[in-house]
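Take a look at the structure set out below.
The values are calculated or read from the model by the stated rules, or taken from the named source; none is laboratory data. Just so you know, these numbers come straight off a predicted model, no measurement behind them. Note: ideal-geometry Cβ built from the backbone for every residue, glycine included; neighbour counts use all protein chains shown. Keep in mind that these areas ignore ligands, DNA and RNA; they rest on the heavy atoms of the full protein, side chains included. Shrake-Rupley method; radii C 1.70, N 1.55, O 1.52, S 1.80 Å.
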Amino acid sequence: MIVNHLPSHVGIAIVGGGPVGALVAERLQAAGHSVLAIEAKLTAPTDPRALALSWASRETLMRGGLWDDALAPTAIERVRVSQAGTLGRTELSAEELGLPVLGFVVGYDKLAALALEQLKSGKVPLALGYSVTDIRRLERYAEITLAGPAGETAITADLVILADGGKLVGLLDDITQTVKPYQQHAILARITPSQPHRGIAYERFADDGPLALLPSGDDFNLVWTQTPEQAQERQALSDEAFLAAVEARFAGRVAGFTRVGERASWPLALKTLDSVVGRRVALIGNAAQTLHPVAGQGLNLGLRDAETLADLLAGVPGNRVGEAATLARYAKLRSRDAGRVTAFTDSLIHLFESPNPLLKHVRSLGLALLDHVGPLRRGFARRMVYGAR
Ligand SMILES: Cc1cc2nc3c(=O)[nH]c(=O)nc-3n(C[C@H](O)[C@H](O)[C@H](O)COP(=O)(O)OP(=O)(O)OC[C@H]3O[C@@H](n4cnc5c(N)ncnc54)[C@H](O)[C@@H]3O)c2cc1C
(Lines give C-alpha, C1' and ligand atoms only; values in the text may rest on other atoms or scores of the structure.)
Protein backbone atom coordinates (compact mmCIF):
# COMPACT_ATOMS: atom_id res chain seq x y z
CA MET A 1 0.00 0.00 0.00
CA ILE A 2 1.71 3.16 -1.18
CA VAL A 3 1.67 5.86 1.49
CA ASN A 4 1.45 9.51 0.48
CA HIS A 5 2.47 10.90 3.86
CA LEU A 6 5.38 9.35 5.70
CA PRO A 7 4.95 8.68 9.43
CA SER A 8 7.40 10.48 11.70
CA HIS A 9 8.15 7.21 13.56
CA VAL A 10 7.72 3.48 12.81
CA GLY A 11 8.59 0.34 14.72
CA ILE A 12 10.53 -1.31 11.90
CA ALA A 13 11.77 0.40 8.73
CA ILE A 14 12.74 -1.99 5.95
CA VAL A 15 15.07 -0.49 3.35
CA GLY A 16 14.71 -2.26 -0.01
CA GLY A 17 11.63 -3.79 -1.61
CA GLY A 18 13.44 -6.56 -3.50
CA PRO A 19 12.55 -10.23 -2.92
CA VAL A 20 14.19 -10.37 0.52
CA GLY A 21 12.89 -7.00 1.78
CA ALA A 22 9.36 -7.68 0.55
CA LEU A 23 9.32 -11.08 2.26
CA VAL A 24 10.37 -9.75 5.65
CA ALA A 25 7.99 -6.78 5.34
CA GLU A 26 5.01 -9.04 4.56
CA ARG A 27 5.85 -11.42 7.40
CA LEU A 28 6.36 -8.65 10.01
CA GLN A 29 3.18 -6.83 8.97
CA ALA A 30 1.25 -10.10 9.31
CA ALA A 31 2.77 -10.58 12.79
CA GLY A 32 1.24 -7.24 13.84
CA HIS A 33 4.37 -5.06 13.90
CA SER A 34 4.37 -1.41 12.84
CA VAL A 35 6.40 -1.47 9.61
CA LEU A 36 7.32 0.76 6.70
CA ALA A 37 8.95 -0.60 3.54
CA ILE A 38 11.08 1.86 1.58
CA GLU A 39 11.90 1.23 -2.09
CA ALA A 40 13.80 3.62 -4.34
CA LYS A 41 12.66 2.26 -7.71
CA LEU A 42 9.15 2.92 -9.01
CA THR A 43 9.18 -0.23 -11.15
CA ALA A 44 11.17 -3.47 -11.05
CA PRO A 45 14.31 -3.39 -13.22
CA THR A 46 14.91 -5.47 -16.34
CA ASP A 47 17.56 -7.98 -15.31
CA PRO A 48 19.01 -11.00 -17.14
CA ARG A 49 19.63 -13.10 -14.00
CA ALA A 50 17.93 -16.49 -13.72
CA LEU A 51 17.67 -17.74 -10.15
CA ALA A 52 17.79 -21.39 -9.11
CA LEU A 53 15.61 -21.49 -6.00
CA SER A 54 15.44 -24.58 -3.83
CA TRP A 55 12.23 -26.37 -2.90
CA ALA A 56 12.57 -24.88 0.59
CA SER A 57 12.91 -21.35 -0.83
CA ARG A 58 9.72 -21.84 -2.81
CA GLU A 59 7.95 -22.79 0.43
CA THR A 60 9.36 -19.68 2.11
CA LEU A 61 8.21 -17.43 -0.72
CA MET A 62 4.77 -19.03 -0.63
CA ARG A 63 4.44 -18.31 3.08
CA GLY A 64 5.14 -14.64 2.30
CA GLY A 65 2.64 -14.56 -0.60
CA LEU A 66 5.50 -14.15 -3.09
CA TRP A 67 4.90 -17.11 -5.34
CA ASP A 68 2.41 -17.25 -8.19
CA ASP A 69 2.05 -18.29 -11.81
CA ALA A 70 3.36 -14.92 -13.00
CA LEU A 71 6.84 -16.21 -12.09
CA ALA A 72 6.55 -18.90 -14.81
CA PRO A 73 8.80 -21.21 -12.76
CA THR A 74 10.61 -24.12 -14.41
CA ALA A 75 11.08 -27.21 -12.25
CA ILE A 76 14.58 -28.61 -11.60
CA GLU A 77 14.31 -32.36 -11.26
CA ARG A 78 17.98 -33.31 -11.41
CA VAL A 79 21.34 -31.57 -11.17
CA ARG A 80 24.30 -33.10 -12.99
CA VAL A 81 27.72 -32.02 -11.77
CA SER A 82 30.86 -32.94 -13.72
CA GLN A 83 34.46 -31.93 -14.25
CA ALA A 84 36.01 -31.59 -17.72
CA GLY A 85 38.83 -33.97 -18.60
CA THR A 86 38.03 -36.52 -15.86
CA LEU A 87 35.43 -39.16 -15.13
CA GLY A 88 34.33 -37.30 -12.00
CA ARG A 89 30.60 -36.73 -12.07
CA THR A 90 27.55 -37.02 -9.86
CA GLU A 91 23.81 -36.47 -10.07
CA LEU A 92 21.48 -35.07 -7.43
CA SER A 93 17.82 -35.97 -7.83
CA ALA A 94 14.51 -34.97 -6.27
CA GLU A 95 13.44 -38.63 -5.72
CA GLU A 96 16.44 -39.24 -3.50
CA LEU A 97 15.28 -36.51 -1.14
CA GLY A 98 11.63 -37.57 -1.35
CA LEU A 99 10.70 -34.22 -2.92
CA PRO A 100 8.55 -33.63 -6.02
CA VAL A 101 11.37 -31.45 -7.45
CA LEU A 102 14.69 -30.09 -6.22
CA GLY A 103 13.70 -26.51 -6.95
CA PHE A 104 12.70 -24.02 -9.61
CA VAL A 105 14.29 -21.53 -11.94
CA VAL A 106 12.68 -18.09 -12.05
CA GLY A 107 13.76 -14.83 -13.67
CA TYR A 108 15.05 -12.26 -11.17
CA ASP A 109 13.04 -9.56 -12.96
CA LYS A 110 9.80 -11.52 -12.58
CA LEU A 111 10.40 -12.16 -8.88
CA ALA A 112 11.39 -8.51 -8.26
CA ALA A 113 8.24 -7.37 -10.12
CA LEU A 114 6.05 -9.68 -8.03
CA ALA A 115 7.70 -8.47 -4.80
CA LEU A 116 7.12 -4.82 -5.70
CA GLU A 117 3.56 -5.48 -6.87
CA GLN A 118 2.81 -7.26 -3.61
CA LEU A 119 4.10 -4.29 -1.62
CA LYS A 120 2.16 -1.80 -3.77
CA SER A 121 -1.15 -3.65 -3.52
CA GLY A 122 -0.84 -5.36 -0.12
CA LYS A 123 -1.19 -4.15 3.48
CA VAL A 124 2.44 -3.16 4.12
CA PRO A 125 2.81 0.65 4.10
CA LEU A 126 5.28 1.43 1.29
CA ALA A 127 7.31 4.59 0.74
CA LEU A 128 7.71 4.19 -3.02
CA GLY A 129 10.28 6.21 -4.93
CA TYR A 130 12.14 7.10 -1.74
CA SER A 131 15.87 6.46 -1.59
CA VAL A 132 17.52 6.19 1.82
CA THR A 133 20.57 8.46 1.84
CA ASP A 134 21.63 8.38 5.49
CA ILE A 135 21.11 6.32 8.66
CA ARG A 136 22.02 7.75 12.07
CA ARG A 137 21.79 5.35 14.97
CA LEU A 138 21.16 6.60 18.52
CA GLU A 139 20.70 4.65 21.74
CA ARG A 140 16.89 4.28 21.55
CA TYR A 141 16.12 4.63 17.86
CA ALA A 142 17.57 5.20 14.41
CA GLU A 143 17.02 8.22 12.20
CA ILE A 144 16.72 7.64 8.47
CA THR A 145 17.06 10.31 5.81
CA LEU A 146 15.07 9.70 2.63
CA ALA A 147 15.16 11.52 -0.70
CA GLY A 148 11.85 11.25 -2.51
CA PRO A 149 9.12 12.92 -4.53
CA ALA A 150 8.58 15.56 -1.83
CA GLY A 151 12.31 16.28 -1.38
CA GLU A 152 14.40 15.22 1.59
CA THR A 153 12.73 14.06 4.79
CA ALA A 154 13.66 12.14 7.97
CA ILE A 155 11.84 9.51 10.00
CA THR A 156 12.80 7.50 13.07
CA ALA A 157 12.48 3.76 13.69
CA ASP A 158 13.13 1.38 16.60
CA LEU A 159 14.85 -0.97 14.15
CA VAL A 160 16.14 -0.61 10.59
CA ILE A 161 16.31 -3.76 8.48
CA LEU A 162 18.71 -3.28 5.58
CA ALA A 163 17.57 -5.32 2.57
CA ASP A 164 19.05 -2.94 0.01
CA GLY A 165 21.35 -5.42 -1.71
CA GLY A 166 24.41 -4.04 0.09
CA LYS A 167 24.55 -0.41 -1.04
CA LEU A 168 24.26 1.34 2.34
CA VAL A 169 26.44 -0.79 4.59
CA GLY A 170 29.24 1.83 4.36
CA LEU A 171 27.06 4.17 6.44
CA LEU A 172 27.24 1.85 9.46
CA ASP A 173 30.25 2.72 11.64
CA ASP A 174 29.91 -0.42 13.81
CA ILE A 175 29.97 -2.92 10.90
CA THR A 176 32.93 -3.62 8.61
CA GLN A 177 32.49 -5.04 5.13
CA THR A 178 35.22 -7.08 3.40
CA VAL A 179 35.12 -7.16 -0.39
CA LYS A 180 37.07 -9.84 -2.23
CA PRO A 181 36.87 -9.33 -6.01
CA TYR A 182 37.20 -12.66 -7.84
CA GLN A 183 38.68 -11.08 -11.01
CA GLN A 184 35.97 -13.04 -12.78
CA HIS A 185 32.89 -12.14 -14.78
CA ALA A 186 29.81 -14.23 -15.44
CA ILE A 187 28.39 -14.25 -18.95
CA LEU A 188 24.62 -14.68 -18.78
CA ALA A 189 22.65 -15.79 -21.83
CA ARG A 190 19.55 -17.72 -22.77
CA ILE A 191 20.38 -20.66 -25.04
CA THR A 192 18.08 -23.11 -26.77
CA PRO A 193 18.95 -26.81 -26.56
CA SER A 194 18.57 -29.04 -29.61
CA GLN A 195 16.69 -31.56 -27.42
CA PRO A 196 14.27 -30.96 -24.49
CA HIS A 197 16.12 -30.40 -21.20
CA ARG A 198 13.74 -32.64 -19.16
CA GLY A 199 14.21 -30.50 -16.05
CA ILE A 200 17.92 -31.25 -15.77
CA ALA A 201 20.32 -28.53 -14.60
CA TYR A 202 24.06 -28.85 -15.28
CA GLU A 203 27.09 -27.63 -13.37
CA ARG A 204 30.27 -28.17 -15.38
CA PHE A 205 33.73 -27.38 -14.07
CA ALA A 206 35.70 -26.67 -17.26
CA ASP A 207 39.44 -25.97 -17.18
CA ASP A 208 38.86 -22.26 -17.82
CA GLY A 209 35.93 -21.72 -15.44
CA PRO A 210 32.62 -23.22 -14.28
CA LEU A 211 29.45 -23.16 -16.40
CA ALA A 212 25.89 -23.67 -15.18
CA LEU A 213 22.90 -24.45 -17.37
CA LEU A 214 19.56 -23.81 -15.67
CA PRO A 215 16.38 -25.10 -17.37
CA SER A 216 14.11 -22.15 -18.08
CA GLY A 217 10.95 -22.61 -20.14
CA ASP A 218 12.11 -24.54 -23.20
CA ASP A 219 15.60 -23.00 -22.95
CA PHE A 220 18.58 -23.02 -20.66
CA ASN A 221 19.91 -20.00 -18.84
CA LEU A 222 23.69 -20.09 -19.07
CA VAL A 223 25.93 -18.70 -16.32
CA TRP A 224 29.54 -18.96 -17.52
CA THR A 225 32.30 -17.77 -15.19
CA GLN A 226 35.61 -16.59 -16.69
CA THR A 227 38.24 -13.85 -16.58
CA PRO A 228 37.06 -10.34 -17.56
CA GLU A 229 39.26 -10.53 -20.70
CA GLN A 230 37.74 -13.86 -21.79
CA ALA A 231 34.26 -12.51 -21.10
CA GLN A 232 34.93 -9.53 -23.35
CA GLU A 233 36.25 -11.76 -26.15
CA ARG A 234 33.41 -14.27 -25.88
CA GLN A 235 30.74 -11.62 -25.84
CA ALA A 236 32.08 -10.46 -29.19
CA LEU A 237 31.95 -13.95 -30.76
CA SER A 238 29.37 -14.76 -33.44
CA ASP A 239 26.38 -16.73 -32.14
CA GLU A 240 27.65 -19.91 -33.84
CA ALA A 241 31.15 -19.58 -32.39
CA PHE A 242 29.76 -18.82 -28.93
CA LEU A 243 27.48 -21.86 -28.94
CA ALA A 244 30.33 -24.05 -30.23
CA ALA A 245 32.54 -22.83 -27.36
CA VAL A 246 29.86 -23.70 -24.77
CA GLU A 247 29.22 -27.06 -26.43
CA ALA A 248 32.94 -27.90 -26.45
CA ARG A 249 33.11 -27.38 -22.70
CA PHE A 250 30.30 -29.86 -22.12
CA ALA A 251 32.09 -32.46 -24.30
CA GLY A 252 28.95 -34.38 -25.27
CA ARG A 253 27.21 -34.27 -21.87
CA VAL A 254 24.53 -31.97 -23.35
CA ALA A 255 23.10 -32.70 -26.80
CA GLY A 256 23.86 -29.30 -28.36
CA PHE A 257 22.35 -25.87 -28.87
CA THR A 258 20.54 -24.13 -31.70
CA ARG A 259 20.25 -20.49 -30.60
CA VAL A 260 21.69 -17.95 -28.19
CA GLY A 261 19.94 -14.77 -27.06
CA GLU A 262 21.48 -11.52 -25.86
CA ARG A 263 24.64 -11.93 -23.74
CA ALA A 264 25.30 -9.91 -20.58
CA SER A 265 28.45 -9.81 -18.45
CA TRP A 266 28.50 -9.46 -14.65
CA PRO A 267 31.54 -8.73 -12.39
CA LEU A 268 31.77 -11.12 -9.40
CA ALA A 269 32.92 -10.48 -5.84
CA LEU A 270 32.45 -11.92 -2.39
CA LYS A 271 31.19 -9.41 0.17
CA THR A 272 31.04 -10.36 3.82
CA LEU A 273 30.51 -8.48 7.10
CA ASP A 274 32.10 -8.87 10.50
CA SER A 275 28.55 -8.76 11.92
CA VAL A 276 25.06 -8.80 10.39
CA VAL A 277 23.74 -6.62 13.19
CA GLY A 278 24.71 -3.28 14.70
CA ARG A 279 23.09 -0.62 16.84
CA ARG A 280 19.38 -0.61 15.89
CA VAL A 281 20.10 -2.35 12.57
CA ALA A 282 19.93 -5.88 11.11
CA LEU A 283 21.06 -6.86 7.61
CA ILE A 284 19.52 -9.54 5.40
CA GLY A 285 19.97 -10.88 1.87
CA ASN A 286 22.73 -9.44 -0.27
CA ALA A 287 23.16 -6.67 2.28
CA ALA A 288 24.36 -9.35 4.73
CA GLN A 289 26.48 -11.32 2.21
CA THR A 290 26.99 -11.32 -1.55
CA LEU A 291 28.20 -14.62 -2.98
CA HIS A 292 29.64 -15.91 -6.24
CA PRO A 293 26.72 -17.38 -8.27
CA VAL A 294 28.55 -20.67 -8.95
CA ALA A 295 26.41 -22.69 -6.54
CA GLY A 296 23.22 -20.61 -6.96
CA GLN A 297 22.95 -19.99 -3.22
CA GLY A 298 22.74 -16.18 -2.78
CA LEU A 299 19.01 -15.62 -2.72
CA ASN A 300 18.32 -19.00 -1.11
CA LEU A 301 20.50 -17.86 1.78
CA GLY A 302 18.95 -14.36 1.79
CA LEU A 303 15.45 -15.80 2.06
CA ARG A 304 16.55 -17.83 5.08
CA ASP A 305 17.92 -14.60 6.64
CA ALA A 306 14.55 -12.93 6.06
CA GLU A 307 12.52 -15.84 7.39
CA THR A 308 14.69 -16.30 10.48
CA LEU A 309 14.48 -12.59 11.34
CA ALA A 310 10.71 -12.51 10.75
CA ASP A 311 10.14 -15.63 12.89
CA LEU A 312 12.26 -14.18 15.69
CA LEU A 313 10.67 -10.71 15.66
CA ALA A 314 7.16 -12.19 15.49
CA GLY A 315 7.67 -13.28 19.11
CA VAL A 316 9.18 -9.98 20.33
CA PRO A 317 7.05 -7.04 21.59
CA GLY A 318 7.21 -3.96 19.38
CA ASN A 319 9.16 -1.89 21.92
CA ARG A 320 11.97 -4.47 22.07
CA VAL A 321 12.62 -5.22 18.39
CA GLY A 322 15.71 -3.02 18.18
CA GLU A 323 17.32 -4.13 21.45
CA ALA A 324 20.86 -5.45 21.31
CA ALA A 325 19.85 -8.81 22.82
CA THR A 326 17.19 -9.37 20.13
CA LEU A 327 19.63 -8.52 17.35
CA ALA A 328 22.38 -10.69 18.84
CA ARG A 329 19.94 -13.60 18.78
CA TYR A 330 19.31 -13.07 15.06
CA ALA A 331 23.06 -12.93 14.37
CA LYS A 332 23.59 -16.16 16.30
CA LEU A 333 20.72 -17.95 14.55
CA ARG A 334 22.19 -17.09 11.13
CA SER A 335 25.90 -17.56 11.76
CA ARG A 336 26.19 -21.30 11.07
CA ASP A 337 24.16 -21.43 7.84
CA ALA A 338 25.52 -18.18 6.39
CA GLY A 339 29.11 -19.02 7.39
CA ARG A 340 29.04 -22.52 5.95
CA VAL A 341 27.28 -21.67 2.69
CA THR A 342 29.58 -18.68 2.14
CA ALA A 343 32.71 -20.77 2.83
CA PHE A 344 31.45 -23.62 0.64
CA THR A 345 30.73 -21.30 -2.32
CA ASP A 346 34.07 -19.53 -1.98
CA SER A 347 36.02 -22.78 -1.67
CA LEU A 348 34.37 -24.17 -4.84
CA ILE A 349 35.88 -21.30 -6.80
CA HIS A 350 39.38 -21.84 -5.45
CA LEU A 351 39.22 -25.62 -5.55
CA PHE A 352 38.08 -25.79 -9.16
CA GLU A 353 40.13 -22.90 -10.57
CA SER A 354 43.52 -24.47 -9.80
CA PRO A 355 45.18 -26.05 -12.89
CA ASN A 356 47.30 -28.35 -10.62
CA PRO A 357 46.82 -31.91 -12.09
CA LEU A 358 46.97 -33.47 -8.61
CA LEU A 359 44.12 -31.26 -7.43
CA LYS A 360 42.17 -32.12 -10.56
CA HIS A 361 42.51 -35.77 -9.62
CA VAL A 362 41.39 -35.05 -6.05
CA ARG A 363 38.36 -33.14 -7.36
CA SER A 364 37.46 -36.02 -9.63
CA LEU A 365 37.74 -38.43 -6.70
CA GLY A 366 35.52 -36.15 -4.61
CA LEU A 367 32.78 -36.19 -7.27
CA ALA A 368 33.12 -39.99 -7.67
CA LEU A 369 32.80 -40.38 -3.90
CA LEU A 370 29.62 -38.26 -3.86
CA ASP A 371 28.31 -40.35 -6.74
CA HIS A 372 28.94 -43.71 -5.08
CA VAL A 373 28.17 -42.98 -1.44
CA GLY A 374 24.42 -42.46 -1.19
CA PRO A 375 24.25 -40.95 2.33
CA LEU A 376 27.03 -38.47 1.45
CA ARG A 377 25.26 -37.43 -1.74
CA ARG A 378 21.89 -37.11 -0.02
CA GLY A 379 23.44 -35.08 2.81
CA PHE A 380 25.02 -32.77 0.25
CA ALA A 381 21.74 -32.40 -1.72
CA ARG A 382 19.79 -31.77 1.48
CA ARG A 383 22.19 -29.00 2.38
CA MET A 384 21.75 -27.38 -1.05
CA VAL A 385 17.96 -27.45 -0.57
CA TYR A 386 17.61 -26.55 3.13
CA GLY A 387 20.92 -24.83 3.98
CA ALA A 388 23.38 -25.72 6.73
CA ARG A 389 21.26 -25.47 9.85
C1 LIG B 1 24.74 -13.72 -12.16
C2 LIG B 1 24.03 -14.04 -10.89
C3 LIG B 1 23.33 -15.23 -10.77
C4 LIG B 1 22.69 -15.56 -9.58
N5 LIG B 1 22.04 -16.75 -9.48
C6 LIG B 1 21.45 -17.09 -8.32
C7 LIG B 1 20.78 -18.36 -8.18
O8 LIG B 1 20.75 -19.16 -9.13
N9 LIG B 1 20.20 -18.66 -6.99
C10 LIG B 1 20.25 -17.80 -5.93
O11 LIG B 1 19.72 -18.14 -4.85
N12 LIG B 1 20.87 -16.59 -6.02
C13 LIG B 1 21.46 -16.22 -7.18
N14 LIG B 1 22.06 -14.99 -7.29
C15 LIG B 1 22.04 -14.06 -6.14
C16 LIG B 1 20.73 -13.24 -6.08
O17 LIG B 1 20.54 -12.53 -7.28
C18 LIG B 1 20.78 -12.26 -4.90
O19 LIG B 1 21.16 -12.94 -3.74
C20 LIG B 1 19.41 -11.59 -4.66
O21 LIG B 1 18.96 -10.92 -5.81
C22 LIG B 1 19.51 -10.61 -3.50
O23 LIG B 1 18.22 -10.11 -3.20
P24 LIG B 1 18.04 -8.87 -2.22
O25 LIG B 1 16.57 -8.67 -2.09
O26 LIG B 1 18.88 -9.04 -1.02
O27 LIG B 1 18.70 -7.63 -3.00
P28 LIG B 1 18.27 -6.93 -4.35
O29 LIG B 1 17.63 -7.91 -5.25
O30 LIG B 1 19.48 -6.22 -4.86
O31 LIG B 1 17.17 -5.87 -3.92
C32 LIG B 1 17.54 -4.68 -3.22
C33 LIG B 1 16.40 -3.66 -3.36
O34 LIG B 1 16.74 -2.53 -2.56
C35 LIG B 1 16.47 -1.33 -3.28
N36 LIG B 1 17.38 -0.30 -2.80
C37 LIG B 1 18.72 -0.28 -2.93
N38 LIG B 1 19.23 0.81 -2.34
C39 LIG B 1 18.18 1.48 -1.81
C40 LIG B 1 18.08 2.72 -1.07
N41 LIG B 1 19.16 3.45 -0.77
N42 LIG B 1 16.85 3.14 -0.68
C43 LIG B 1 15.73 2.39 -0.99
N44 LIG B 1 15.79 1.24 -1.70
C45 LIG B 1 17.00 0.80 -2.09
C46 LIG B 1 16.74 -1.72 -4.73
O47 LIG B 1 16.09 -0.85 -5.64
C48 LIG B 1 16.21 -3.14 -4.78
O49 LIG B 1 14.84 -3.18 -5.10
C50 LIG B 1 22.73 -14.64 -8.47
C51 LIG B 1 23.43 -13.44 -8.60
C52 LIG B 1 24.08 -13.15 -9.78
C53 LIG B 1 24.83 -11.85 -9.87
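Some notes on this structure:
- The stretch 1-25 and the stretch 242-311 have Cα centres spaced 25 Å apart.
- Two-site FRET efficiency, R89 against Y386, from Cβ-Cβ distance with R₀ of 22 Å, rounded to 0.05: 0.40
- Cα-centre dipole for the chain with unit charges at Cβ (Lys and Arg positive, Asp and Glu negative), debye to 20: 900 debye
- If the segment from R140 to E152 were pulled out straight at 0.36 nm per residue, it would be longer than the present Cα-Cα gap by 2.0 nm.
- Table column - 3J(HN,Hα) (Hz), the stretch 279-295, Karplus curve with 6.51, -1.76, 1.60, x for Gly and Pro: 4, 6, 9, 10, 10, 9, x, 4, 5, 7, 6, 10, 10, 5, x, 3, 9
- Across the options V10, A25, A75, the greatest Cα extent toward the positive end of the charge dipole of the stretch 1-81 (unit charges at beta carbon of Lys, Arg, Asp, Glu) belongs to A75.
- Whether the stretch 231-287 is rounded, prolate or oblate, judged on the alpha carbon gyration tensor where a/c under 1.5 counts as rounded: prolate
- The stretch 173-305: relative contact order as a whole-number percent, Cα under 8 Å and 6+ apart: 33 percent
- Principal-axis tilt of helix 374-386 within the chain, Cα atoms, nearest 10 degrees: 40 degrees
- Rounded to 10°, Cα long-axis angle of helix 298-314 versus longest principal axis of the chain: 30 degrees
- Taking Cα centre as origin and charging only the Cβ of basic (Lys, Arg, +1) and acidic (Asp, Glu, -1) residues, the dipole magnitude of the stretch 62-179 rounds to 140 debye.
- Candidates L99, L268, L36: whichever shows maximal mean-square fluctuation once the chain is modelled as a Gaussian network with Cα springs under 10 Å: L99
- Rg over Rh, two decimals, the stretch 109-191 (C-alpha only, Kirkwood Rh): 1.05
- Subset of K41/K167; K41/K180; K271/K360 violating a 25 Å alpha-carbon distance limit: K41/K180; K271/K360
- Full-extension gain in nm, A248 to A368, via 0.36 nm per residue minus C-alpha separation: 41.0 nm
- Spin-label model, S194 to A328: label points 7 Å out along the Cα-to-beta-carbon direction sit 6.3 nm apart.
- Sequence-distant residues sharing a close amide H with G103 (under 5 Å, placed H): W55, I76
- Summed side-chain charge close to L172 - residues other than L172 whose Cβ falls under 13 Å, Lys, Arg +1, Asp, Glu -1: 0
- Distance histogram in 5 Å bins (all Cα pairs of the stretch 164-250, percent per bin): 3, 12, 19, 20, 13, 10, 9, 7, 4, 2, 0
- Legend: P(r) of the stretch 1-142 from all alpha carbon pair distances, 10 Å bins from 0, whole percents, reading 11, 34, 27, 16, 9, 3, 0.
- Spin-label model distance (nm) - E353 vs L237, 7 Å beyond Cα toward Cβ: 2.0 nm
- Normalising by residue count, the stretch 87-143 has a Cα convex hull of 290 Å³ per residue.
- Considering only Cα atoms, the convex hull volume of the chain works out to 136 Å³ per residue.
- Remark: spin-label model distance T133-E117 equals 3.3 nm, labels positioned 7 Å along the Cα→Cβ axis.
- Shown here for the stretch 138-214: trypsin sites (Lys or Arg not before Pro) in loop regions (DSSP other than H, G, I, E, B) with at most 13 other Cβ atoms within 10 Å, namely R140, R198.
- Highest-first arrangement of 290-296, 340-346, 182-188, 132-138, where packing means the average Cβ count within 10 Å: 290-296, 182-188, 340-346, 132-138
- GluC sites (Glu not before Pro) within the stretch 62-156, DSSP loop, no more than 12 other Cβ atoms inside 10 Å: E139
- The stretch 362-386-the stretch 120-191 distance, computed between alpha-carbon centres (Å): 38 Å
- For the chain, the share of accessible area belonging to carbon and sulfur comes to 54 percent (1.4 Å probe, ligands and nucleic acids excluded).
- To the nearest ten degrees, helix 108-121 and the longest principal axis of the Cα atoms of the chain are 20 degrees apart.
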